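The values are calculated or read from the model by the stated rules, or taken from the named source; none is laboratory data. All values derive from a computational prediction rather than experimental measurement. Virtual Cβ from ideal backbone geometry, glycine too; neighbours counted across all protein chains shown.
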């Protein structure tokens, strides 16, 4: 999997792995993830995205499992990776695709949903082809496979 450095457009290898206890302490002290209290997510499955060559966390995702689907409870890029001046592109896409991969492995047909609390709903619909499903937006089956291919498989 890779991110794209916004200056120069170079691909940079990245990895997604579970957040550790030490990571939670670092996140809490840091001002890089200001929008959410990530300590509250310790009861969930939380993943971090970082560059292969660095321990700095660039993105976070909290997952909650239901009977046959996964909810992305929280999803956040680090503050320096938001907006027009971001350093790296593809952070959210990689994390969403990772949740889709887990949903296939658990036998959920790639069904992943989130409940957008901001104006980001339309962004997820436009960029990741999420569908509206009540108060949630979701992806499944073919679209989830496309997200995995686009963001996790580095054949391109």
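Observations on the structure shown:
- Residue in segment 108-130 that is exposed (fewer than 13 other Cβ atoms within 10 Å of the Cβ), in contact with a helix residue (DSSP H, G or I) (Cβ under 8 Å, 6 or more places away or on another chain) and at negative phi present: yes
- Check on residue 67, over 16 Å from the mean Cα position of the chain (by Cα) and at negative phi: yes
- Any hit, segment 38-54, residues being touching a strand residue (DSSP E or B) at 6+ places or on another chain (Cβ under 8 Å), surrounded by 15 or more Cβ atoms within 10 Å (Cβ to Cβ), touching a residue at least 60 places away in the same chain (Cβ under 8 Å) and assigned to a strand (DSSP E or B): no
- Residues located in segment 94-127, provided they are at pLDDT below 95 and assigned to a helix (DSSP H, G or I): 120, 121, 122, 123, 124, 125, 126, 127
- Any chance residue 12 is over 17 Å from residue 97 (Cβ atoms), part of a strand (DSSP E or B) and at pLDDT 95 or above: no
- For residue 85: the one exception among (1) under 14 Å from the mean Cα position of the chain (by Cα); (2) at pLDDT below 95; (3) outside any helix (DSSP H, G or I): (1)
- Count - residues of segment 70-84 that are free of Cβ contacts under 8 Å to residues at least 24 places away in the same chain and on the phi < 0 side of the Ramachandran plot: 4
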